[in-house]
Amino acid sequence: MSYYFSKILKEQDFDNAIEQVTLALKAEGFGVLTEIDITQTLKNKLGVDFKKYRILGACNPPYAYQALSHEDKIGLFLPCNVVVMENDNGAIEVAAVDPVASMIAVKNDSLGNVATEIQDKLKAVIDSLN
């Protein structure tokens, strides 16, 4: 089982891809709680050049509440990370964590429905991108 699903965007620049992903997440009930610019962080901390790479920490509050109500340590898996990166060929790829794959490590059957519903929403986000 893969731990993510992804899509290569057609003729999309990096900044527009970030905007498109943010809007697609919003359409599925997610807000972006965190945004980590890996490129800038690695430049500042290590002095290295790295491809354009940003991690968006997405949260859907009703589902987060459900998951936390069933398993208080599930916060270790929150928020759901979505990565926007520029590949070596210049194409923009968007990848989202598969929450079902993450939940396999948690031995709590009551999380199954929540993980599946979030998986469906994140897949819808990825599928909506172009």
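Residue-level check: of (1) within 18 Å of ASP98 (Cα to Cα); (2) of a type outside the set (Ser, Thr, Tyr); (3) modelled with pLDDT of 95 or more, ASP49 misses just (1). Is there a residue being farther than 20 Å from LYS123 by Cβ and either crowded, with 18+ Cβ neighbours inside 10 Å or modelled with pLDDT of 95 or more (or both) anywhere in segment 93-105? No.
For ASP72, the conditions (1) of a type outside the set (S, T, N, Q); (2) in contact with a helix residue (DSSP H, G or I) (Cβ under 7 Å, 6 or more places away or on another chain); (3) loosely packed, with under 14 Cβ neighbours inside 10 Å; (4) under 22 Å from GLN119 (Cα atoms) are fulfilled apart from (2).
Could you tell me whether segment 10-31 includes any residue that is touching an Asp or Glu at 6+ places or on another chain (Cβ under 6 Å), closer than 30 Å to LEU111 by Cα and not in a helix (DSSP H, G or I)? No, every residue in segment 10-31 fails to be touching an Asp or Glu at 6+ places or on another chain (Cβ under 6 Å), closer than 30 Å to LEU111 by Cα and not in a helix (DSSP H, G or I).
LEU76 satisfies every condition listed in (1) modelled with pLDDT of 95 or more; (2) farther than 17 Å from VAL125 by Cα; (3) in a helix (DSSP H, G or I) except (1). Of all residues in segment 8-21, those satisfying the criterion of being surrounded by 15 or more Cβ atoms within 10 Å (Cβ to Cβ) and within 16 Å of TYR53 (Cβ to Cβ) are LEU9, GLN12, PHE14, ALA17, ILE18, VAL21.
Taking the conditions (1) under 15 Å from the mean Cα position of the chain (by Cα); (2) within 28 Å of VAL106 (Cα to Cα); (3) part of a helix (DSSP H, G or I) in turn, THR34 satisfies each one other than (3). Restricting attention to segment 39-69, the residues that are closer than 26 Å to ILE104 by Cβ and either of a type in the set (A, V, I, L, M) or surrounded by fewer than 16 Cβ atoms within 10 Å (Cβ to Cβ) (or both) total 10. Exactly one residue out of SER69, SER128 is among the hydroxyl-bearing types (Ser, Thr, Tyr), out of contact with any strand residue (DSSP E or B) (no Cβ under 6 Å at 6 or more places or on another chain) and in contact (Cβ under 8 Å) with a residue 40 or more places away in the chain: that is SER128.
The values are calculated or read from the model by the stated rules, or taken from the named source; none is laboratory data. Values in this document were obtained by computation on a predicted structure and should not be read as measured data. For neighbour counting, all protein chains shown are included, and Cβ atoms are generated from backbone atoms with ideal geometry for every residue, glycine included.
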